[in-house]
Amino acid sequence: MSSENNDEPTLSPSKKSSNTNTANNNNANNSDSESDVNNEHLIGNVQRVAIVPPNYEGKPKKGHLIFDASFECGNLGRIDYVNDFEYDLFIRPDTCCPRFRCWFLFTVENVKADQRVIFHIVNFSKAKSLYRDGMTPIVKSTSRKRWQRLPTRNVFYYRSPDHRKNYVMSFTFCFDREDDVYQFAYSFPYTYTKLQNYLDNIEQRRLDYVQRRPLVYSVQKRRLDLLTVANPALLAKGRRKKVVIVTARVHPGETPSSYVCQGFIEFIISDNPIAQLLRDNIVFYIVPMLNPDGVFLGNQRCSLLGFDLNRVWNDPSIWAHPEIYGIKTHIMKLNEDADFELDFFIDIHAHSTMMNGFMYGNVYEDANRFEKHSIFPRLLSRNAEDFSINNTTFNRDALKAGTGRRTLGGCLQDSTHCYTLEVSFFSYQTSTTTQAIPYTEELYQQLGRNLARTFLDFYKSNNYVSWSPSCSIMPRLKEDRIKSRLSRQSANMPIVDQDEALLNNEAYNLSTQEFIYPETRNNNEPE
Ligand SMILES: [Zn+2]
């Protein structure tokens, strides 16, 4: 988590005097986001910059904070000294696209023990935020490596008269250990390197039902990994097979989507009997990171070249959007191959203003098709307590025509279901409680596992797979049940054996009266 080098930090004279609030750099005369984001000094991340008081000369002393974001996924563009306790922090806009500013990740060191500070993050690109609902930044340090959320009492989100009435998120913090490097983030980071290590580990297990290959390379030549998970016998040529495609992280700042995707992969490659049954019957194609360059660079929404890759699906360019071009070509080939029956495309995102997990689906004129399209979200809501059917909406807004969900929903066969799966950056409420439960890395992964389990429900409901108690995997199932029950007991989690309930349930009856989704206008834009 420390910076890549231990060079002497750059000394940065204060941008703003404590008395006058006047910037002394060339072309900014206030801290307004629109004027600042167009300034050259917000193009790159800060690189071990020591913030010292005005007119201070010489080496930085202990307590002159050193900020750094020059590492993978880092994002912090500028720091203004306000006074000895307060600092204005500027998010670096996406590369080649100044519109998006939300993700931040940076380190602070050279602190004095018990040094108290107030950090103001002053240039978010959007006013509406889960900070209004109690979300807080996360923090860890070299001696305490587990991410913690700051208490809500230390975090303030408000319109600031000092920043042209922009929305500002301020938080107070006390550095308690002099030698620690502290790291602050918008959400749990998940780097390109972390994904590569995770996939390398899977490869080393030499599972005959998992294949990994780079589908294409990004503009900066990073891998767009494609995992194929299926019983090898199923992949034989000439054998007809059903296909599920799961993608994630087209938007780099939406790190929770990577945790959901990892939970999905973890489950689907496990020796859990449901996973085995699914692999025997379904081919899973998974692209865990659709925008590896954007992730590496610490962008919020765009690729290296400044494109929102979830708006180019209708006409991806091989040179400007090779990632979408590659996956779309792969999908269209499957769509035309008589061996493959493409049932699902699910693209995982994270949402910055909504609670819970939920889905965006498509609207179809054909009532029967639309009805079938609304089944999967309802099944998922039965398996995942954090998945909200109330937040799930179906739309055909022109604004979203270039999303994977909309484009593929319009050009694949009628039987293919295309969804965006969203998960909150912050928390969820269950149907029985009013208290919000903040998501953790583990809870995000749990949603991924529950997503995987739901395919069993779906394929049982249309009698494509069946569960027989005489099945040879039954004894292992029992062991698994005991193991999972014990772990839930020790983790103080409710003892509800989902696998057991799922497998022994009678085939789910898809009565159509229960769900009539009206077409809803999309009231919470991102996707
Ligand atoms: Zn998104």
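The values are calculated or read from the model by the stated rules, or taken from the named source; none is laboratory data. In this text the structure is predicted, and so the values were computed from the model without any measurement. Counting neighbours? That spans all protein chains shown, and the Cβs are built from the backbone with ideal geometry, glycine included.
General remarks:
- When the strands (runs of 3 or more DSSP E) confined to the stretch 68-187 are screened for residues that are of a type outside the set (Ser, Thr, Tyr), crowded, with 22+ Cβ neighbours inside 10 Å and within 20 Å of the chain's Cα centre (by Cα), those reaching at least 1 such residues are found at 105-109, 182-185.
- Residue among Leu215, Leu195 that alone is part of a strand (DSSP E or B) and either touching a residue at least 12 places away in the same chain (Cβ under 8 Å) or of a type in the set (Val, Ile, Thr) (or both): Leu215
- The listed residue being in contact (Cβ under 8 Å) with a residue 12 or more places away in the chain and within 13 Å of the ligand (Cβ to nearest atom), out of Leu290, Leu297, Leu305: Leu290
- Filter result for Lys400 (of a type outside the set (Phe, Trp, Tyr), touching a helix residue (DSSP H, G or I) at 6+ places or on another chain (Cβ under 9 Å), modelled with pLDDT under 95 and away from the ligand (no atom under 16 Å from the Cβ)): no
- Among (1) part of a helix (DSSP H, G or I); (2) charged (D, E, K, R); (3) surrounded by 13 or more Cβ atoms within 10 Å (Cβ to Cβ) - the single one Asp200 does not satisfy: (3)
- In the stretch 431-440, the residues that are under 20 Å from Thr152 (Cβ atoms) and not aromatic (Phe, Trp, Tyr): Thr433, Thr434, Gln435, Ala436, Ile437, Pro438, Thr440
- The single residue among Leu421, Leu412, Leu399 that is aliphatic (A, V, I, L, M), touching a residue at least 12 places away in the same chain (Cβ under 8 Å) and crowded, with 24+ Cβ neighbours inside 10 Å turns out to be Leu421.
- Check on Lys241, without any contact (Cβ under 8 Å) to a residue 40 or more places away in the chain and assigned by TED's automatic domain parsing to the domain that holds Asn281: no
- Scoring Ala275 on the criteria (1) more than 21 Å from the chain's Cα centre (by Cα); (2) part of a strand (DSSP E or B) leaves a single failure, condition (2).
- Residue within the stretch 355-378 that is within 16 Å of the ligand (Cβ to nearest atom), in the same structural domain as Leu234 (by TED's automatic domain parsing), closer than 25 Å to Leu456 by Cα and among the aliphatic types (A, V, I, L, M) present: yes
- Among the criteria (1) acidic (Asp, Glu); (2) farther than 25 Å from Thr191 by Cα; (3) part of a helix (DSSP H, G or I), the one Glu323 does not fulfil is (2).
- When we screen Asn197, Asn166 for residues that are among the polar types (S, T, N, Q) and either under 19 Å from Glu72 (Cα atoms) or at pLDDT 95 or above (or both), the only hit is Asn197.
- Annotation: of all residues in the stretch 264-298 being more than 30 Å from Pro322 (Cβ to Cβ) and among the small types (Gly, Ala, Ser), the one that is surrounded by the most Cβ atoms within 10 Å (Cβ to Cβ) is Ala275.
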